[in-house]
1. Please report, in Å, the Rg and the Dmax of the range 88-178, where both are computed over Cα atoms only.
2. Of ALA121, ALA42, ALA62, which is the most mobile in a GNM of the chain whose springs link Cα atoms less than 10 angstrom apart?
3. Order HIS103, HIS117 by their accessible area, 1.4 angstrom probe, all chains in place, largest first.
4. Once label points are set 7 Å from the Cα along Cα→Cβ at both VAL122 and THR3, what is their separation, rounded to one decimal in nm?
5. Assuming R0 = 41 Å, can you tell me the calculated FRET efficiency for the pair ALA167 and ALA111, based on Cβ-Cβ distance, to the nearest 0.05?
6. What residues qualify as long-range amide H neighbours of ARG151, i.e. H under 5 Å apart, gap of 5 or more or another chain, H built at 1.01 Å from N?
7. For the chain, what does the accessible surface come to per residue with a 1.4 Å probe? Please give it in Å².
8. What would the Debye formula give as log10 I(q)/I(0) at q = 0.15, 0.16, 0.18, 0.25 Å⁻¹ for the alpha-carbon point model of the range 1-94, no solvent?
Amino acid sequence: MTTRRITLTARRVALSAWDAATLLPRGAAALTAAAAGRGGSARSLLRAGAGPGTPRPGAVRAAGHAVATVLLGALSLVLTGVLLMAMARGLFYGFVDQGPYDHSWGGPSKAGAWLAHFAVAVPCAVAAVAALCGVARLQKRLTAPLRGERRPGWVLPAVLVCSAAGALFVVAFLRQLP
């Protein structure tokens, strides 16, 4: 029974991370649909389907939510990049870096360097997946008004702060490159 629960939890986490990783193209498509006056299509792309009897939001309101989703999508793109880099530099370190390993973490042997990079990459990958799941939940709360639900007051400031933090991370990352 616990194996089934773990499998369901892993599937839910993977779907939530995938949902976050696809926010940028879905937000851009929703913004395009809203600009064309198709608020229902935009709401569908934002996965904010409402039940029967819920008033349909206008295209302007859907466009506003699409813009915020694009911001979250840019953040999730950064997190997806961190996840991919952790996988490439951790799991596949021996294939990515051909050596010499004299000054690598865990060096001078290839096995030691691989193990050290793997030990650092696993927590980074877990943190990136957890952050992607958090972004997906934040986007779901952001689009609550499109479903006819009440949005908590902290959601919009959290979206802006998280997006700014992602932009600062990208700037810091680019400045450290040679």
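The values are calculated or read from the model by the stated rules, or taken from the named source; none is laboratory data. Keep in mind that this is a model prediction, so the values were computed, not measured. For neighbour counting, all protein chains shown are included, and Cβ atoms are generated from backbone atoms with ideal geometry for every residue, glycine included. Surface areas here come from the heavy atoms of the whole protein model, side chains and all, with no ligands, DNA or RNA. Shrake-Rupley method; radii C 1.70, N 1.55, O 1.52, S 1.80 Å.
1. Both quantities, over Cα of the range 88-178: 19.3, 60 Å.
2. Highest fluctuation of the listed residues: ALA121.
3. HIS103, HIS117
4. 2.2
5. The computed FRET efficiency comes out at 0.60.
6. Close amide H contacts, sequence-distant or interchain: none at all.
7. So the chain comes to 60 Å² accessible per residue, rounded to a whole number.
8. Results for the range 1-94 at q = 0.15, 0.16, 0.18, 0.25 Å⁻¹ read -0.70, -0.76, -0.85, -1.12.
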